[in-house]
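Down below is the structure, laid out as structure tokens.
The values are calculated or read from the model by the stated rules, or taken from the named source; none is laboratory data. The model shown is predicted, which means the values in this text are computed figures rather than measured ones. Methodologically, a virtual Cβ is constructed for each residue, glycine included, from the backbone with ideal geometry; neighbour enumeration extends over all protein chains shown. Keep in mind that these areas ignore ligands, DNA and RNA; they rest on the heavy atoms of the full protein, side chains included. Shrake-Rupley method; radii C 1.70, N 1.55, O 1.52, S 1.80 Å.
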Amino acid sequence: MQAVQAAATTLAMPAAKPDRYARCIAASKRVRWDIDKDVIRNRRFDLSKKFLPDGLSLVNELPFLDDADKRLLSQVQGRSYANMFGLAERFIAAKVLEVSRDHWLGNQDALEALVRFTDEELKHQELFRRIEALTAEGMPEGYEFVPTPNGVASDVLSKCTWAVLALTLHIELFTQEHYRQGIEPDEALSGLYRDVFFYHWREESQHAILDELEWLREDARLCPEERDRAVTDLIDLVGAVDAILQAQSVADARFFSKYCHRSLSSAERDAVQTSVLKAYRWQYIVSGLQQSRFSTVLASIITPAQQARIGVALEPIVRAFAAH
Ligand SMILES: [Fe+2]
Ligand SMILES: [Fe+2]
């Protein structure tokens, strides 16, 4: 009787949850894709279509632009958007490879999941280099992507692991949100551009889960003083991202103003530059901060005083979005 009861109890127990690292490996194997065979498929960009959706490019905030110029501005921003991911993936791949060291002689699923993650980010960097070359073929000369992947990676990787993993989770959540909310539903966008971010999204879903696991693992090692310094590092990193956005928005607004279909007044040129910077802050900083997953995890590991410190530091950036 006791044996029957024990068997019944065993049967009634929920099955043990598969390890999250193991689930990431399974998903990574299931969704794996190839740059040429799946994404590019011998296609070129159709420049009669927008690249970025209006909700990300904010082109409708410039009422003096006609449809052709809104399309061009969306393509210039979309070109930089792809380059920005290629840029971020340089430091993300290096940091993930570094944290994988903690698992070398431990959880082999964790090690495999992080090695696959690194391999995917190397592939994504190649994809975004190919996309840059394809956009360059169809667009006029003079586009400049200002930051360099290794320069940015050296600066970012000089900050503590906690802050780099926080920034990485932020990026890998907002890329998914942008795809699901903006790129996927907009069938008027370039088909190739949508496919790039469709395939990218499929592998990023696993990355965000791993970022969170590794960030929380790193967080558990810190004492309160170290975590407070890590919050300062995170604030510095967001400031560094903003400096990149300021420089790139100047370059992109200048390129757009040169090739826009009618000559712009100096007030209109200023308005384009202000709008592109606002769009970039929305794309790379604010939309991610509004992501509930990121803010929930962050709030669970920092103090209200640290949250307030972040809020004060970011206020000049988020101010323009109070109404969003
Ligand atoms: Fe990626
Ligand atoms: Fe990623």
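General observations
- Potential lengthening between Arg217 and Ala299 on full extension [0.36 nm per residue; Cα-Cα distance subtracted]: 28.0 nm
- Annotation: for a label point projected 7 angstrom from Cα along Cα→Cβ of Ala22, residues of the stretch 113-156 with backbone N closer than 18 Å are 113-116.
- When shorter helices are ignored and each DSSP H run of at least 4 residues is given -39500 (n - 2.57), the per-residue value for the chain at 222 nm works out to -24000 deg cm²/dmol.
- Count Lys and Arg as plus one, Asp and Glu as minus one, and take only other residues whose Cβ is under 11 Å from that of Ile302; the net charge is then 0.
- √(5λ) per eigenvalue of the Cα gyration tensor, the chain, largest first, Å: 38, 24, 18
- At a probe radius of 1.4 angstrom, the accessible area of the chain per residue rounds to 47 square angstrom.
- Size of electric dipole in the stretch 197-324: Cβ of Lys, Arg +1 and of Asp, Glu -1, about Cα centre, debye, nearest 20: 620
- Computed on the chain, with alpha-carbon pairs under 8 angstrom and 6+ residues apart, the relative contact order is 24 percent.
- Separation between Cα centres of the stretch 91-153 and the stretch 169-235, rounded to whole Å: 13
- Near Ala27: Cβ cut-off under 12 Å, other residues only, Lys/Arg at +1 and Asp/Glu at -1. The net charge is +4.
- Here the chain has 55 percent of its accessible surface on carbon and sulfur atoms, given a 1.4 Å probe and all protein chains in place.
- Positive-end ranking of Ala88, Gly182, Phe128 along the dipole of the chain, with charges on Cβ about the Cα centre, is headed by Gly182.
- Extreme residue, positive dipole direction of the chain, given options Ser158, Gly239, Gly191 (C-beta unit charges): Gly191
- Relative contact order %, the stretch 166-324, counting alpha carbon pairs below 8 Å whose residues are six or more apart: 31
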